[in-house]
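This report refers to the structure that appears directly beneath it.
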Amino acid sequence: MTLQKEHAETVQVNIFLLADAVFCVLPGQNTPNGHYNIERMIKIVLRNGGQVKSCGGCSEARGIDKLPVIEGVQLSNMKEFALWTVEADKVLSF
């Protein structure tokens, strides 16, 4: 997702999902009204130029690597995760 900072500087937002977070990329999420919907949030990031990748090894370990994912999300690997981390100005982890 490209965001504009105060002084017309733009930043690139990349999201890399690991461990149980890989379940967030499964389409067709149905949450009650008033609750957040991760699928909707991921689509907003993608629509605004962000990249969302999900760990292929984590998906395989959980048996979901063959399931369809939200359009625009890519399965990736730890090598790319490390590259994104090294190239990033800031990294948030939670």
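The values are calculated or read from the model by the stated rules, or taken from the named source; none is laboratory data. It should be emphasised that the depicted structure is a prediction, and the values quoted were computed from it without experimental measurement. Using ideal geometry, Cβ is built from the backbone for each residue, glycine included, and neighbour counts are taken over all protein chains shown.
Starting from residues that are of a type in the set (V, I, T) and modelled with pLDDT of 95 or more, keep the ones in the stretch 7-37 and report whichever is nearest to S59 (Cα to Cα).
Restricting attention to the stretch 7-37, the residues satisfying the condition of being of a type in the set (V, I, T) are 10-11, 13, 15, 22, 25, 31.
With modelled with pLDDT of 95 or more added as a condition, the list becomes 15, 22, 25.
On the way: I15: 15, V22: 6, V25: 10 Å.
Across the stretch 7-37, the extreme among qualifying residues is V22.
Among the residues of the stretch 27-43, those that are part of a loop (DSSP other than H, G, I, E, B) and either under 20 Å from Q12 (Cα atoms) or touching an Asp or Glu at 6+ places or on another chain (Cβ under 8 Å) (or both) comprise P27, G28, Q29.
For I64, the criteria (1) among the β-branched types (V, I, T); (2) over 26 Å from E87 (Cα atoms); (3) at pLDDT below 95 hold in every case but one, which is (3). Within the stretch 44-80, being in a helix (DSSP H, G or I), touching a Leu at 6+ places or on another chain (Cβ under 7 Å) and closer than 23 Å to T10 by Cα holds for no residue. For the stretch 48-55, the criterion of being free of Cβ contacts under 8 Å to residues at least 24 places away in the same chain and at negative phi is satisfied by no residue at all.
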